[in-house]
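This report refers to the structure that appears directly beneath it.
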Ligand code: SD4
């Protein structure tokens, strides 16, 4: 059993997010608060344009955001296809804390954001977003493609020193998606899952694949059945390909954190990077392709 806090978060931007989460934990915050505040760092500044209002827009030139948060008391909150909200993860938390619901979408979520003082307002695309969107329109002629080009997302799983668990996920979704498209990130069981007895998991990658196989839930259920984090990770990813090979470039990355603080990461393709944070250290790692899930303690 590891008594120190553990934070895992997706991609290179997982590092600043994990650093923030650890500093929140050091200040006495719960796993849930740390999971919320950690990913807010990337919502505020995401150089690869896959999270927050600076994310790449959909094919109509509109930025829509998805986010979800879950704790180990079986509570969750989520928002999807929301515009004009700088911190959708904070809005997801308010859905969890202040409504009887688990998921608000679109105009209703934005209305709730207004009442909560979290609506930051619609704004025009910035010059980089505008340029990239127009270039995509010219090259792809308004035809959406479900792949993971230019796409990351921040997902995080946290275990605090008291052993409490939480997970969070926030994204601008696939670039150039159809307007109204929602991926796995705000869906409990797909983009993230927490079970008090077993552990927590979070996914990144092509949401259309993950949401059809409930990858985070499968991973946590494998933990519950006695699998190690590395086995749970490998088996959940294996389920994605067992009904036939996926298109060559489809990427899904998975982080698994067991109740005792041990953890593992894996991905369908090489190139999935993630941060591991413990007291005094946050390190970046890369997983190999499916079949050899990376490190665990
Ligand atoms: C989605 N899973 O909207 C997100 C995107 C992502 O790496 O994580 N890409 O499908």
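The values are calculated or read from the model by the stated rules, or taken from the named source; none is laboratory data. Fair warning: this is a prediction, and the values are worked out from it, not measured in the lab. Because the Cβ atoms are built from the backbone with ideal geometry, glycine has one as well, and the counts that use them run over all protein chains shown.
Results, tabulated for the structure shown:
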| quantity | calculated |
| --- | --- |
| Residue list for segment 2-17, filter: part of a strand (DSSP E or B) and either closer than 23 Å to residue 269 by Cα or touching a helix residue (DSSP H, G or I) at 6+ places or on another chain (Cβ under 7 Å) (or both) | 7, 8, 9, 10 |
| Search result, residues across segment 1-32 that are touching a strand residue (DSSP E or B) at 6+ places or on another chain (Cβ under 8 Å), closer than 21 Å to residue 68 by Cβ and away from the ligand (no atom under 16 Å from the Cβ) | 6, 7, 18, 21, 25, 30, 31, 32 |
| Cβ-Cβ under 8 Å pairs, at least 6 apart or on other chains, segment 125-141 side within 16 Å of residue 63 (Cβ to Cβ), far side part of a helix (DSSP H, G or I) | 125/133 |
| Options 106, 61, 121, 84: the member that is surrounded by fewer than 14 Cβ atoms within 10 Å (Cβ to Cβ), on the phi > 0 side of the Ramachandran plot and away from the ligand (no atom under 13 Å from the Cβ) | 121 |
| The listed residue being over 23 Å from residue 75 (Cα atoms) and touching a strand residue (DSSP E or B) at 6+ places or on another chain (Cβ under 7 Å), out of 246, 284, 257 | 284 |
| Helices (runs of 4 or more DSSP H) within segment 35-152 that include 3 or more residues touching a helix residue (DSSP H, G or I) at 6+ places or on another chain (Cβ under 9 Å) | 88-98, 106-115 |
| From the options 244, 261, residue that is more than 17 Å from the chain's Cα centre (by Cα), without any contact (Cβ under 8 Å) to a residue 12 or more places away in the chain, at positive phi and away from the ligand (no atom under 16 Å from the Cβ) | 244 |
| Only listed residue being within 8 Å of the ligand (Cβ to nearest atom), at pLDDT 95 or above and not in a loop (DSSP other than H, G, I, E, B), chosen from 183, 155 | 155 |
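A quick yes/no check of all residues on (1) within 20 Å of the chain's Cα centre (by Cα); (2) modelled with pLDDT under 95:
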site: 112; (1), (2): no, no
site: 125; (1), (2): no, no
site: 131; (1), (2): no, no
site: 139; (1), (2): no, yes
site: 144; (1), (2): no, yes
site: 147; (1), (2): yes, yes
site: 159; (1), (2): yes, no
site: 163; (1), (2): no, no
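Okay, residues lined up against (1) within 26 Å of residue 32 (Cβ to Cβ); (2) in contact with a strand residue (DSSP E or B) (Cβ under 9 Å, 6 or more places away or on another chain):
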| position | (1), (2) |
| --- | --- |
| 188 | yes, yes |
| 196 | yes, yes |
| 204 | yes, yes |
| 207 | yes, yes |
| 212 | no, no |
| 220 | yes, yes |
| 225 | yes, no |
| 275 | yes, yes |
